[in-house]
Amino acid sequence: MNISLNDTLSLAIHGIDPSDSTEVTLYLPIDKVNMIISYASHIKLRGQIRPNEKPSYHLELHSSTVSLAPFRLRQFFHRLELDGRENASLIIPDFNHIDDLSLININKTSIGPRAEIANIKTTFDSKTNVQMTRANGTTEIAGNP
């Protein structure tokens, strides 16, 4: 189901089995989308391969995972802001470059050893137990209420 209302586009695929490999590809103009809200989804987010055209995204995640596309070439993001609700996670594989990363209540963030983040800000609810670990070069930030 696709619904477009003023400046909001909603995409929903109902009746999909979790093992189904149905994938929707959506191309967004750089810096023309204010927020992406995701419910029970897995988003593969691609950046820009040209460092002078870095996109910025603000995502509100409800039981969703965002993974930056693994790319043999480098890909760039200016600003990524993720606001987690109901068990949200982020995966940043190698060769991703982010100028500013803001994480709000993201339950689990995994950062590959060759990913580069210039500035990172994490915010959690006051009752959340936050743990940062590093294993095999990968850094994980986890918050458990």
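The values are calculated or read from the model by the stated rules, or taken from the named source; none is laboratory data. Treat the numbers as computed from the prediction; the structure is a model and nothing was measured. Here the Cβ positions follow ideal geometry from the backbone for every residue, glycine too, while neighbour counts run over all protein chains shown. Surface areas here come from the heavy atoms of the whole protein model, side chains and all, with no ligands, DNA or RNA. Shrake-Rupley method; radii C 1.70, N 1.55, O 1.52, S 1.80 Å.
The table below gives the values:
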read-out: Strands (runs of 3 or more DSSP E) contained entirely in the stretch 1-54, each with at least 3 residues that are at pLDDT 70 or above and within 19 Å of the chain's Cα centre (by Cα); value: 36-39, 42-45
read-out: Enumeration of residues in the stretch 101-145 that are part of a loop (DSSP other than H, G, I, E, B), open to solvent by 100 Å² or more (accessible area, probe 1.4 Å) and over 20 Å from L68 (Cβ atoms); value: S126, K127, P145
read-out: H78, sole failed condition from (1) at pLDDT 90 or above; (2) surrounded by fewer than 16 Cβ atoms within 10 Å (Cβ to Cβ); value: (2)
read-out: Cβ pairs under 9 Å, 6+ apart, first in the stretch 125-139 and in contact (Cβ under 8 Å) with a residue 60 or more places away in the chain and at positive phi, second aromatic (F, W, Y) and open to solvent by less than 60 Å² (accessible area, probe 1.4 Å); value: none
read-out: Single residue of the stretch 61-75 satisfying the filter (open to solvent by 10 Å² or more (accessible area, probe 1.4 Å) and outside any loop (DSSP other than H, G, I, E, B)) that is farthest from P113 (Cα to Cα); value: H62
read-out: Positions within the stretch 81-100 being open to solvent by less than 20 Å² (accessible area, probe 1.4 Å) and either out of contact with any strand residue (DSSP E or B) (no Cβ under 6 Å at 6 or more places or on another chain) or farther than 16 Å from H58 by Cα (or both), in sequence order; value: N96
